[in-house]
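Encoded as structure tokens, the structure appears first; notes follow it.
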Amino acid sequence: MIRIAIITGSTRPGRLNESVARWVLDVASLRTDAEFQLVDIAQYDLPLLDEPIPPSLGRYTHEHTKKWAATVASFDAYIFVAPEYNHGISAALKNAIDFVYAEWNNKAAGFVSYGSAGGVRAVEHLRAVMAELMIADVRAHVSLSLFTDFENFSVFKPVARHESEVNALVDQLVAWGGALKALRSAAGK
């Protein structure tokens, strides 16, 4: 069985992100083909990237980086819950992603996004980042609108059809995450 992290994409006070991530966890946790865990980047207190050596070399010096690296490494796949800020992902999410490198490699990712245009531009940004990290991103994507999935732009109330979209995303993530886990095992990683 593979392990899938549902990673929050915001640390902003009053963020909507946590309620969206918890909903994804609730929907996904009804399944029996993977283990799911919420990973809240706000709990890691990551400063603006402060490692003196590039993450691709894997020589982390700070305890917060080592803790984050161990968390990222413990999963086979990821669901990034991404708000769209100014046509891209949040700085907090990009910073968390950039802190480590090898821990992401040869794994799978899917996206749940939200914003005035459903967060689709944030996902476009994330797909480019995933390619550089050697993460295979799945096609299925859950796009939530601030206009139809949030009451008064602040209370998360997703349209019912989004549950089947989460399951379609997880179907692909389980398949790809399992295949890449076998690849990593064959390579001794």
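The values are calculated or read from the model by the stated rules, or taken from the named source; none is laboratory data. For clarity, every value in this text was computed on a predicted model and none was experimentally measured. Neighbour counts are summed over all protein chains in view; Cβ atoms, including those assigned to glycine, are modelled from backbone coordinates with ideal geometry.
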Single match in F80, F75 (criterion: in a loop (DSSP other than H, G, I, E, B), under 23 Å from N167 (Cα atoms), at pLDDT 95 or above and not charged (D, E, K, R)): F75
Filter result for K181 (under 19 Å from D33 (Cα atoms), modelled with pLDDT under 95 and crowded, with 16+ Cβ neighbours inside 10 Å): yes
In the range 95-120, the residues that are buried (at least 18 other Cβ atoms within 10 Å of the Cβ) and in a helix (DSSP H, G or I): A96, I97
Contacts under 8 angstrom Cβ, first residue in the range 55-79 being under 15 Å from I6 (Cα atoms), partner part of a loop (DSSP other than H, G, I, E, B) and acidic (D, E), 6 or more apart: V72/E103; A73/E103
Residue that is surrounded by fewer than 17 Cβ atoms within 10 Å (Cβ to Cβ) and in a loop (DSSP other than H, G, I, E, B), where the choices are R15, R3, R31: R31
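This table checks each residue for (1) among the acidic types (D, E); (2) in a loop (DSSP other than H, G, I, E, B); (3) under 19 Å from the mean Cα position of the chain (by Cα); (4) more than 21 Å from V120 (Cα to Cα).
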position: T148; (1), (2), (3), (4): no, yes, no, no
position: V170; (1), (2), (3), (4): no, no, yes, no
position: K181; (1), (2), (3), (4): no, no, yes, yes
position: S185; (1), (2), (3), (4): no, no, no, yes
